[in-house]
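Chemist: Sharing a structure below in structure tokens format, with a few things to ask.
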Amino acid sequence: MATEKRPGAQAGSPLRSLFRTKPVDQILSEGGHGQGGELKRSMSLLQLTLFSVGATLGTGIFFVLGQAVPVAGPAVVLGFVLAAVTALFSALSYAELAGTIPVSGSSYSYTYATMGELVAWVCGWCLLLEYAVSVSAVASSWGGYLNEFFHSAFGFSIPPAISHSPGDSGGMVNLPAVVIVMLAMLLLLRGTSESATANTIMVMLKIAVLAFFCFVAFTAFHTGNFSDFAPMGWAGISAAGSKVFFSYIGFDAASTAGEEAKNPRRDLPLAILLSLVIVTVVYVLVGIAAVGVMAWGDFTSTTSLADVLNLATGDSRWAALILSFGVVISMGTVVLTVLYGQTRILFAMSRDGLIPKIFQRVSRTQVPVANTIMVSAFVAILAAVVPLGQLAEATSIGTLFAFALVNLGVIVLRRTRPEMPRSFRTPLFPVTPLLGVAFCLYLVYGLDTITWVVFLIWTAAGLAAYFAYGRRHSNLARRTGPPSAPPAKELG
């Protein structure tokens, strides 16, 4: 077999050592192994696919039409397709690397193998912000939607003081947020197979609720609402595509389960691509059904699927009850899958020595118990007492940054390891990954200033953490002999 090019692996200048790459063969040989045990390979193709669907198909579809329809009109359905095509470029790159390097670290591990330790650290560090804040934001919002469900079903609500975060409608502590995170944690602690089964059931319920919405909406469908299909032309379709793109984030969730998939080389690429297809079909059908009921000119920024359903049914209480149940379930699947993904990325970073060993310790039940408990406790506290506000939206740059690195990683690995077996190859290489990078840069360019401020502050904090701990404890540095002083004794 050809020798892998490892431009950063050998001793050299301190600057060069920052970009030492971890050999792919070494990453693969360590797959599944943690301190004290191994992760259990138990996830099927269906479970992996619905893991990504569960992470992607969140609350966005219930509310994003209010933002997208006014700028595109009925052509919002093409906006969903455009966003799907944009996501597809990165999804194809994820599919290739997931099938080639099927490990828990997802984009962090892919970057470590292709662009070096420092870039991988920044990628993993950004994902920690994106995962932690996004799942905390979803959990903190869960109480409000749970209240809507309780009000529709039973006519009572949880007091604001214990159902909202501080600074939000008189809230003091968000107990429902703690409850949903703790429930997800208990599922994860029971085992990956049990968590995947629970997620499969919840995702099926979520899709059933959206199918119910479409069925009801099509009974009040007006074809005349599509007569002026694209009133704002291509500019409106493009604007709608940008607004709905972030409803596609999450398709990469299956890649974090690389060490717990039964047949990772075959199933991971399929799961990533199938999940994108399923989500796109659901989004397009919901968009057609919604505009068929409510004329596009009547949509406002606050319009939700509940408003459309009320118009279709004449403010029917039972229809609103079913839809609110769907929102509650949707948020539950997002919390479960994103929490899982974060623990597995931390597991991979710990195995590389960049963070303490406790995050890679595997129990007799083949679960990283301490990792799961610590991450869940942090997320629960963040969701319960910290007003996240606009910070939640600012995490999107971390996702786009990871997407761009994965696209670049495909190009680098094709050059450094052309002979390596690949269960899936990105078509039209290198055009496809280059387009993936271009679309990520385009979307990053359009993000708000607060997003860049948060990103730069978080990246600076991450660099400080890397030089204070990660670089000195890196397992790769120990093997290759860094030019600096020997690493300090490992902390457990």
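The values are calculated or read from the model by the stated rules, or taken from the named source; none is laboratory data. As the structure is a prediction and not an experimental result, all values here were calculated from the model. Positions of Cβ are generated from backbone atoms using ideal geometry, with glycine treated the same way; all protein chains shown enter the neighbour counts.
Chemist: Within segment 359-435, considering only helices (runs of 4 or more DSSP H) that don't extend past its boundaries, which have at least 2 residues that are buried (at least 19 other Cβ atoms within 10 Å of the Cβ) and among the acidic types (Asp, Glu)?
Modeler: Values: elements: 369-385, 391-394, 396-416.
Of the helices (runs of 4 or more DSSP H) lying wholly inside segment 359-435, none has at least 2 residues that are buried (at least 19 other Cβ atoms within 10 Å of the Cβ) and among the acidic types (Asp, Glu).
Chemist: A follow-up question, please. Taking the conditions exactly as written (out of contact with any Leu (no Cβ under 7 Å at 6 or more places or on another chain), of a type in the set (S, T, N, Q), surrounded by 14 or more Cβ atoms within 10 Å (Cβ to Cβ) and free of Cβ contacts under 8 Å to residues at least 60 places away in the same chain), does SER157 satisfy them or not? Steps first, answer last, please.
Modeler: On the way: out of contact with any Leu (no Cβ under 7 Å at 6 or more places or on another chain): yes; of a type in the set (S, T, N, Q): yes; surrounded by 14 or more Cβ atoms within 10 Å (Cβ to Cβ): yes; free of Cβ contacts under 8 Å to residues at least 60 places away in the same chain: yes.
Considered against the rule, which asks whether it is out of contact with any Leu (no Cβ under 7 Å at 6 or more places or on another chain), of a type in the set (S, T, N, Q), surrounded by 14 or more Cβ atoms within 10 Å (Cβ to Cβ) and free of Cβ contacts under 8 Å to residues at least 60 places away in the same chain, SER157 comes out as yes.
Chemist: Next question. Please go through segment 189-211 and pick out each residue that is closer than 18 Å to VAL138 by Cα and either surrounded by fewer than 17 Cβ atoms within 10 Å (Cβ to Cβ) or not β-branched (Val, Ile, Thr) (or both). Full working, then the answer.
Modeler: Keep residues of segment 189-211 that are closer than 18 Å to VAL138 by Cα, which gives 199, 202-203, 206.
Within segment 189-211, ASN199, MET202, LYS206 meet the criteria.
Chemist: Further question on the same structure: Looking at (1) at positive phi; (2) surrounded by fewer than 17 Cβ atoms within 10 Å (Cβ to Cβ); (3) in contact (Cβ under 8 Å) with a residue 24 or more places away in the chain, which one does GLY250 not meet, given that it meets all the others?
Modeler: Only one criterion in (1) at positive phi; (2) surrounded by fewer than 17 Cβ atoms within 10 Å (Cβ to Cβ); (3) in contact (Cβ under 8 Å) with a residue 24 or more places away in the chain is unmet by GLY250, namely (2).
Chemist: Tell me yes or no: at least one residue of segment 318-332 is on the phi > 0 side of the Ramachandran plot and either within 18 Å of the chain's Cα centre (by Cα) or of a type in the set (Asp, Glu) (or both). Write out each step before concluding.
Modeler: Kept after step one, since they are on the phi > 0 side of the Ramachandran plot, are these residues of segment 318-332: none.
Checked against the condition, which is being on the phi > 0 side of the Ramachandran plot and either within 18 Å of the chain's Cα centre (by Cα) or of a type in the set (Asp, Glu) (or both), segment 318-332 yields no hits at all.
Chemist: Take PHE80 and decide whether it is in a helix (DSSP H, G or I) and at pLDDT 95 or above.
Modeler: In short, yes.
Chemist: Here are some residues: TYR283, TYR340. Which one is in contact with a Phe, Trp or Tyr (Cβ under 6 Å, 6 or more places away or on another chain), within 26 Å of PHE51 (Cα to Cα) and assigned to a helix (DSSP H, G or I)? Show your work before the answer.
Modeler: Details: TYR340 fails: in contact with a Phe, Trp or Tyr (Cβ under 6 Å, 6 or more places away or on another chain).
Checking each option against the conditions leaves just TYR283.
Chemist: Can you tell me which residue within segment 439-492, out of those that are of a type in the set (S, T, N, Q) and assigned to a helix (DSSP H, G or I), is modelled with the lowest pLDDT? Walk me through it before giving the result.
Modeler: Going through segment 439-492, the residues of a type in the set (S, T, N, Q) turn out to be 449, 451, 459, 474-475, 480, 484.
If we keep only those that are assigned to a helix (DSSP H, G or I) as well, we get 449, 451, 459, 475, 480.
Working: THR449: 84, THR451: 83, THR459: 93, ASN475: 92, THR480: 65.
Once the filter is applied, the top-ranked residue is THR480.
Chemist: A further question follows. In segment 31-61, how many residues are part of a loop (DSSP other than H, G, I, E, B) and out of contact with any strand residue (DSSP E or B) (no Cβ under 7 Å at 6 or more places or on another chain)?
Modeler: First, pick out the residues of segment 31-61 that are part of a loop (DSSP other than H, G, I, E, B): 31-32, 36, 39-42, 44, 57-59.
Restricting the remaining residues to those that are out of contact with any strand residue (DSSP E or B) (no Cβ under 7 Å at 6 or more places or on another chain) gives 31, 39-40, 42, 44, 57-59.
Residues in segment 31-61 being part of a loop (DSSP other than H, G, I, E, B) and out of contact with any strand residue (DSSP E or B) (no Cβ under 7 Å at 6 or more places or on another chain): 8 in total.
Chemist: If the requirement is being aliphatic (A, V, I, L, M), under 21 Å from GLY292 (Cβ atoms), assigned to a helix (DSSP H, G or I) and under 23 Å from the mean Cα position of the chain (by Cα), which of these qualifies: ALA198, ALA208? Can you show your working first?
Modeler: Working: ALA198 fails: under 21 Å from GLY292 (Cβ atoms).
On inspection, the qualifying residue turns out to be ALA208.
Chemist: Select from segment 42-70 the residues that are within 11 Å of LYS243 (Cα to Cα) and of a type in the set (A, V, I, L, M) and write down the one among them that is farthest from the chain's Cα centre (by Cα).
Modeler: VAL69
Chemist: When you scan segment 14-36, how many residues do you find that are farther than 18 Å from ALA120 by Cβ and under 27 Å from the mean Cα position of the chain (by Cα)?
Modeler: First, the residues of segment 14-36 that are farther than 18 Å from ALA120 by Cβ: 32-36.
Pick out the ones that are also under 27 Å from the mean Cα position of the chain (by Cα) and you get 32-35.
So the answer is 4.
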